[in-house]
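The values are calculated or read from the model by the stated rules, or taken from the named source; none is laboratory data. Note that the structure is predicted; figures quoted are calculated from it, not measured. Glycine gets a Cβ as well: all are built from the backbone with ideal geometry, and neighbour counts include every protein chain shown.
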Amino acid sequence: MTLDDCFQLGYIIKPHGLKGELQLFLDVDSPSDYRNLESVFVRKGQQLVPFFIESLQVGPTKAIVAFEDIVSLEQAEELRGLELYLPLSFLPAAGANEFYLHEIEGFIVVNQEGQPLGAINNIVESGPQLIFVIENEEGVEILLPYQKQLLIRIDRENKEIHLTVPEGLVEVYTNPTDEN
C-alpha cells in the first residue's frame, strides 16, 4: 500500500491514559462513518504500517483507539503526531456535483462557454479556499480560485470539470501586458 493509494484519515494527537490508548483527530466530514474500522495505516517516515484496532470510540472530531500490541504509555508516546491513512476504497462515493481533490487532478477545466482552459495539475489549499493550478496547451500556468458556487458540473467519464470562470481572470495569465 502506498500513499497514492490512500487518503489521510487524521492523526494521532497524544496518548490517552496509561495502557497504550491514543487520542486521534479525525479529519473527515463524518467521523461516525469510520466507527467500525478493523485497522488503519500509520505513516512512519515514508512507510505505511498497518495497526489493528482492539477498540475505537468515535466522537464528533476525535476518537480514542486501542491498537493491538500497544499496551504502555511509552509505546503510545512513540506514535504521537503520526498521520493515519486508509485505502481510497474506504471513501464514501462523492455525489454528482461533489468531488475529492485527488480525483480531479488531471481533469480538464471547461469554462461556461464550453471552452477548455487546461488540465488541473495541482490543487492548493489556501485557508478556506482551494486554488486550482491549471496548465493550458501552451504550458501557461493559470491559478483559478475555486468556490462551490462556480461549479457547473463534473463529467467524470470525460475527465472534465465545468466551472463559471470570472471574466478576465484567464487573460491575466494568457495575455500579460508589457509595462516597460
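The combined condition, being free of Cβ contacts under 8 Å to residues at least 40 places away in the same chain and outside any strand (DSSP E or B), is not fulfilled by VAL49. Selection of region 145-157 for residues being assigned to a strand (DSSP E or B) and over 18 Å from the mean Cα position of the chain (by Cα) yields LEU151, ILE152, ARG153, ASP155.
Taking the numbered list (1) touching a Leu at 6+ places or on another chain (Cβ under 6 Å); (2) within 30 Å of LYS14 (Cβ to Cβ) in turn, HIS102 passes all entries but (1).
Scan region 114-127 and give yes if some residue there is in a strand (DSSP E or B), modelled with pLDDT of 90 or more, charged (D, E, K, R) and more than 16 Å from HIS162 (Cα to Cα), otherwise no. No, the conditions are met nowhere in region 114-127. Across region 20-43, a minimum of one residue is classified as surrounded by 12 or more Cβ atoms within 10 Å (Cβ to Cβ), within 30 Å of ASN158 (Cβ to Cβ) and under 22 Å from the mean Cα position of the chain (by Cα). The condition of being outside the structural domain of ASP27 (by TED's automatic domain parsing), modelled with pLDDT of 90 or more, more than 21 Å from CYS6 (Cβ to Cβ) and exposed (fewer than 13 other Cβ atoms within 10 Å of the Cβ) holds for only one of GLU160, GLU138, GLU179, that being GLU138.
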